[in-house]
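Inspection log for the structure reproduced underneath, given as structure tokens.
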Amino acid sequence: MSNIINQIKRTILVVEDEIINQEILKEILGSQYDIITATNGLEAIHELTTSIRPISLIMLDLNMPTMDGIEFLNKIKEYNIKSIPIIVITSEADMELSSLELGATDFIKKPYDMPEIIKARVNKAIELFENKLIISQAERDELTQVYNKNFFKEYVKKLDEYNPNIDMDLNVLDIENFQIINEIYGKEKSDEIIKYIADELKRYVKKFDGIVGRLEEDYFIMYHKHIENYANLIKEFYALLEEKYGITGVNFKLGIYEIKDKDIETDIRINRAKLVCDHISNTSQTHYLVYNDSDQKDSLLHEQLVYDFPTSLKNREFSIYYQPKYNVEKDKYYISSSEALVRWNHSKYGMISPGIFIGLLEERGLIRELDKYVWEEAIKDLATWKREGIKIVPVSLNVSRIDLLDDSIVSIFADLVKKYDVDSKYIYLEITESACNNNMNQLINTIEKLRALGFKIEIDDFGAGYSSLNVLTTIPFDVLKLDMLFVRGMANNKTLKMIEIVAEIAKYLDVVLVAEGVETLDQLNQLREYGYQVIQGYYFSKPLKKEEFYNLLGGKNDNN
Ligand code: C2E
Ligand code: CA
Ligand code: CA
């Protein structure tokens, strides 16, 4: 990481009214950074809005005349200042929480008696923040420069937060028969068409204070202020493309989901808009359709699954597959742990993958029950294997965001390891960044309790969501698992750079680094080079049936 940070001397803005304290910070940090000062929040805002040199960090005293630190934190949101990490300087411990909530990154306590610690925290805040900026470059679709799905979802959340009372629509736009256009015009021309369309969509959502993202190849998603009448709009849109870009013969379908309840998750909103979008037949004269609640009933399979769930659970139609994770630090690889992945062997539909039912069960508030079942089965398996004398390895269990909404998870796990007499160090809990959008204080509290009991915390799918600095610096965790998409995109240099940066972050935070979705030897070698210690993926093994995994551990062959 030093290569990134050392190239230029960065500037720190110290906002502090006491000259003596300014001087002390200059003394501590001056050799490494340029220090500029302001004596209150107002001056700081002036500095931020007029200074032409980029400021890498703000160190903010809370007690100041004219405009104090808290007021400054509140105020800065109103200005269009690119976010800068802020370390709050305080002598009052109880102010830490409220300043964190207002967006501060870290705290330093007064008086300044540990210069080395101050230096280290300043360096860390800047390094992590700059890496986050680099990571966030992945937020846009390369071809069209609209948001990718994950970032789109994050921004939807932000828009909702800022405008809780404004009516919004979430729309999915499908470019009909895009495959055919692709074949007729060729890749280059159809890329161009996609770009034109994306540009027009950007212009259109801007009018309604919205955002655009790309959902898949030929689907776009939009989120903007509610529109009463789409008919004219669509007409305009067609005319524009035809007149301006000479694009004819391209048809669109627009699925519209009017947001009535902002508590409904974005994934569900997208699914609903897409559902109606896909319902518009290719031959119909209608180009758009508005979702209404009865459409959901069309999704018969989903309803059936929800209906069947309790019986299926009782009848043990759910089973656990184990996918081994290999430690690849040394030249001799070995299985260091596994991930438990649930499968539904439905009496009528056969094997159903979690991709279909996890989201659904989450949406219907049933996931807790399933997770609890999976956790118990996996811990029971560990206990059985241990009893049979094979050398067991830790198992990672998936934890849904919903499982973490309160701390009942702590007693669930405490009870389970007690019941089956399994050491908690064998249990890793995979949580995703999205869990960190819940109530942070409560989440940290829950995680700390779990860790105190010996359970390990693994951040799953890292980099897929909005990798906020807060997640890394405020959630205590032991293992960082890179999202599969990064491995998928390794051919791209920018992605490769990010893989490397994530490795550097993990090294810096001293956590174990895992990559999943590794399918080829090339991927494996490259990841090893960057220092990835644990590898999960088809290259080594698909998720295995319980018995197969047991054999792999040496269960029957008795090698261990
Ligand atoms: P995940 O936690 O990211 O799990 C990894 C997924 O990637 C698994 O899909 C696994 O089979 C797949 N995978 C592993 N290696 C490779 C590879 O080399 N290439 C490719 N293409 N895929 C690979 P799976 O089993 O279908 O699970 C999908 C998702 O469902 C999981 O994603 C997880 O979010 C969720 N899930 C699975 N089991 C549970 C569970 O018990 N509880 C909860 N809450 N969620 C679960
Ligand atoms: Ca997982
Ligand atoms: Ca994952």
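The values are calculated or read from the model by the stated rules, or taken from the named source; none is laboratory data. All values reported here derive from a predicted model rather than from experimental measurement. Note: ideal-geometry Cβ built from the backbone for every residue, glycine included; neighbour counts use all protein chains shown. Just so you know, the surface numbers come from the protein's heavy atoms only, side chains and all, with ligands and any DNA or RNA stripped out. Shrake-Rupley method; radii C 1.70, N 1.55, O 1.52, S 1.80 Å.
List the residues, sorted by chain then number, that are 5 or more residues from Ala38 or on another chain and whose placed amide H is less than 5 Å from its amide H. Correct list: Val14, Val15, Glu16. Restricting things to alpha carbons, find the Rg to Rh ratio for segment 390-474 using the Kirkwood radius for Rh. Taking Rg over the Kirkwood Rh, I get 0.98.
Measure off, as a whole percent, the carbon and sulfur share of the 1.4 Å-probe accessible area of the chain, all protein chains present. In the chain, the share of accessible area belonging to carbon and sulfur is 50 percent. Taken over the alpha carbons of the chain as equal point scatterers, the Debye sum produces base-10 log I(q)/I(0) values at 0.05, 0.07, 0.09, 0.10 Å⁻¹ of -0.25, -0.50, -0.84, -1.02. Altogether, the Stokes-Einstein calculation at 20 °C and 1.002 mPa s, with the Kirkwood radius of segment 297-418 over Cα pairs as Rh, returns a diffusion coefficient of 134 µm²/s. Between Lys77 and Gln442, the C-beta separation translates, for a Förster distance of 22 Å, into a calculated FRET efficiency of about 0.40. Here Lys124 is the anchor, and the lysines within straight C-alpha reach of less than 24 Å, apart from those fewer than 8 places off in the same chain, are Lys9, Lys26, Lys77, Lys82, Lys109, Lys110, Lys132, Lys456, Lys481, Lys494, Lys497, Lys507. When only DSSP loop residues count, what GluC sites (Glu not before Pro) in segment 41-107 have their Cβ near at most 13 other Cβ atoms within 10 Å? Filter output for segment 41-107: Glu78, Glu92. Among beta bridges from DSSP that stay inside the chain, the antiparallel ones total about 45%. Annotation: amide H-H contacts under 5 Å for Ser396 (H modelled 1.01 Å from N, sequence separation of 5 or more, or interchain): Ser338, Glu339, Ala340, Tyr428. Surface analysis of segment 196-284 yields an accessible area of 48 Å² per residue, using protein heavy atoms and a 1.4 Å probe. Using the alpha-carbon positions of segment 309-554, Rg (one decimal) and Dmax (whole number) come out as 17.6, 50 Å.
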